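For reference, the structure is listed below as structure tokens.
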Amino acid sequence: MRHFWANVIGNQGVWLCAVIGAGHGLRWPAVLAATVYVLSQLAWAARPAVDLKLLGVALLCGVVVDGVAGGSGRVVYAAAGPSPWMAPVWILALWAAFAMTLTVSLKALQHRLWLAALVGLLAPLAYLSAARGWSSVAFAAPAWQGVAMLAAGWAVALPVLAACAQHWQHAAGNAAATTKGAHA
């Protein structure tokens, strides 16, 4: 249970470091916080290889979802990179941290992909909070278009991530059981 709460609180801590830092034009707070968080979660993970694979898929999702949103001009990120089509490093740090929740605090989504899609539709609320609280994100008028674009991206990305988590954890569990049975 301690790992569950460390997973939730740590992820929220990364989010705060990222959006406050980006609001001040800084990328490094997100990178530092995400690095510490990810490494701590990997150290506690039952199957770190699964979490590392999820991290890779989550980064790819971030490149696509936030890259398209930024490139469209509907979403404008503070502390952005050289091109609006490139997801900012602080956003990618958030995706990396988020990946660590899929086998712990958001594990229930692995067996309810419809719920993962529904939760994905709510993801823009975090972007709206970042926009209103710290000016780390801005939405071009009409704002609903940028929000809808992010919601659609997350509604696809989160079930994909949850399905990957379920598949890889199941495969790792089967491999562990086979190895254990072979040694018995």
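Under 6 Å by Cβ, and 6 or more places apart or on different chains, what pairs join a residue from the range 118-130 that is closer than 10 Å to TRP154 by Cβ with one that is assigned to a helix (DSSP H, G or I) and of a type in the set (Val, Ile, Thr)?
Matching pairs, first to second residue: PRO124/VAL147.
Search the range 46-67 for residues that are in contact (Cβ under 8 Å) with a residue 24 or more places away in the chain and assigned to a helix (DSSP H, G or I) and pair each with any residue that is surrounded by fewer than 16 Cβ atoms within 10 Å (Cβ to Cβ) and not small (Gly, Ala, Ser) when their beta-carbon atoms are under 8 Å apart and the residues are at least 6 apart or on different chains.
Short answer, once both residue conditions are applied: ASP51/LEU42.
Please find, within the range 68-90, the residue that is surrounded by the fewest Cβ atoms within 10 Å (Cβ to Cβ) out of those that are over 18 Å from MET100 (Cα atoms), within 17 Å of the chain's Cα centre (by Cα) and touching a residue at least 24 places away in the same chain (Cβ under 8 Å). Let's see the steps before the verdict.
Initial filter on the range 68-90 (over 18 Å from MET100 (Cα atoms)): 68-88.
Filter once more, keeping what is within 17 Å of the chain's Cα centre (by Cα): 68-70, 77, 86-88.
With the extra rule that they be touching a residue at least 24 places away in the same chain (Cβ under 8 Å), the set shrinks to 68-69, 77, 87-88.
Values: VAL68: 17, ALA69: 28, TYR77: 21, ALA87: 26, PRO88: 24.
It comes out as VAL68.
Identify, please: which residue in the range 131-151 is in a helix (DSSP H, G or I) and touching a residue at least 60 places away in the same chain (Cβ under 8 Å) and is, among those, nearest to ALA58 (Cα to Cα)? Steps first, answer last, please.
Filtering the range 131-151 down to residues in a helix (DSSP H, G or I) leaves 131-134, 143-151.
Adding the requirement that they be touching a residue at least 60 places away in the same chain (Cβ under 8 Å) leaves 133-134, 145-146, 149-150.
On the way: GLY133: 25, TRP134: 24, GLN145: 23, GLY146: 20, MET149: 17, LEU150: 15 Å.
Checked the range 131-151; the qualifying residue nearest to ALA58 (Cα to Cα) is LEU150.
Could you tell me whether ALA182 is farther than 17 Å from ARG74 by Cβ and either at pLDDT 95 or above or assigned to a helix (DSSP H, G or I) (or both)? Please lay out each step first, then the result.
On the way: farther than 17 Å from ARG74 by Cβ: yes; either at pLDDT 95 or above or assigned to a helix (DSSP H, G or I) (or both): yes.
Judged against the criteria, ALA182 is a match.
Only one of LEU16, LEU42, LEU55 is surrounded by fewer than 17 Cβ atoms within 10 Å (Cβ to Cβ), under 20 Å from HIS170 (Cα atoms) and at pLDDT 95 or above; which? Step through it out loud before you land on a result.
Working: LEU16 fails: under 20 Å from HIS170 (Cα atoms); LEU55 fails: surrounded by fewer than 17 Cβ atoms within 10 Å (Cβ to Cβ).
From the options LEU16, LEU42, LEU55, the qualifying one is LEU42.
Taking the range 98-112 only, how many residues are part of a helix (DSSP H, G or I) and either in contact with a Leu (Cβ under 9 Å, 6 or more places away or on another chain) or at pLDDT below 95 (or both)?
Matching residues across the range 98-112 total 5.
Can you give me the number of residues within the range 136-155 that are surrounded by 14 or more Cβ atoms within 10 Å (Cβ to Cβ) and either of a type in the set (A, V, I, L, M, F, W, C) or in contact with a Gly (Cβ under 6 Å, 6 or more places away or on another chain) (or both)?
Step one: of the range 136-155, the residues surrounded by 14 or more Cβ atoms within 10 Å (Cβ to Cβ) are 136-139, 143, 145-155.
Retained after the next criterion (residues that are either of a type in the set (A, V, I, L, M, F, W, C) or in contact with a Gly (Cβ under 6 Å, 6 or more places away or on another chain) (or both)): 136-139, 143, 147-152, 154-155.
Looking only at that region, the number is 13.
The values are calculated or read from the model by the stated rules, or taken from the named source; none is laboratory data. Small disclaimer: the values here were computed from a predicted structure and weren't measured. In this analysis, Cβ positions are derived from the backbone assuming ideal geometry, glycine residues included, and neighbour counts consider all displayed protein chains.
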